[in-house]
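Note sheet for the following structure.
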Amino acid sequence: MVDCSEVFIGLDVSKDRHAVAVADGGRDGEVRYFGEIGSDGGSVRRFVRKLEGRGVALRFCYEAGPTGYGLQRLIEGLGHDCAVIAPSLIPRRPGERERGPLGRGRSTRSPSPCKGEGQGGGRYGVSPGRSVPFPGTSPAGST
């Protein structure tokens with residue numbers, strides 16, 4: 001490992017276990033998946049003590065969730081920085097897209113032009129199976 005002045009640790013927290021990724025400081029810092037640790041205080045303390053042996057500043061972060069701020073208090077009590085990140089509060093530019101649950105992009109700026117399922121309409125409010133003319137063309141069957 002390259003000598004760095006700081007190491008960044010990202011935690012994916014859950015009730016039973018925490019997944020851990022470690023990134024060396026600097027622009028070319030290596031990012032590694034460390035593995036999983038228990039969510040109890042003793043497991044977290046052992047993990048932090050293991051990383052302290054490197055003699056670098058440790059900076060932790062994890063996503064806000066149902067686990068609360070107990071982990072943050074524990075890490076800060078051990079003398080290290082810990083940030084709790086709330087993704088919904090991260091500023092976004094108007095019209096910036098985010099990924100939906102099916103991997104489709106959706107705009108955060110305005111609602112979809114599609115009606116919901118079960119409401120008798122798809123895109124443009126037309127029932128499935130009916131043809132829709134493209135903008136600038138006349139509907140089929142008209143002259």
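Quick notes
- Cβ-defined net charge surrounding residue 58, 10 Å radius [Lys, Arg +1; Asp, Glu -1]: -1
- Calculated FRET value between residue 31 and residue 73, using beta carbons and R₀ = 25 Å, to 0.05: 0.40
- For residue 78, neighbours were defined as the other residues whose beta-carbon sits under 14 Å from its Cβ, and their charges (Lys and Arg +1, Asp and Glu -1) total +3.
- The base-10 log of I(q)/I(0) for segment 1-99, evaluated at q = 0.22, 0.23 Å⁻¹, reads -1.19, -1.27 [Debye formula, identical scatterers on Cα atoms, solvent excluded].
- Put in order of Cβ neighbour count within 10 Å, fewest first, the listed residues 85, 90 become 90, 85.
- Across segment 47-62, rounded Karplus estimates of 3J(HN,Hα) from the backbone phi angles (6.51 cos²θ - 1.76 cosθ + 1.60, θ = phi - 60°) give 4, 5, 4, 4, 6, 5, x, 7, x, 10, 6, 9, 10, 9, 8, 8 Hz, Gly and Pro being marked x.
We did not get these values from a lab; they are worked out from the coordinates using the rules stated. Quantities reported herein were computed from a predicted structural model and do not represent experimental measurements. A quick note on method: Cβ atoms are made from the backbone with ideal geometry, for glycine too, and the neighbour counts reach across all protein chains shown.
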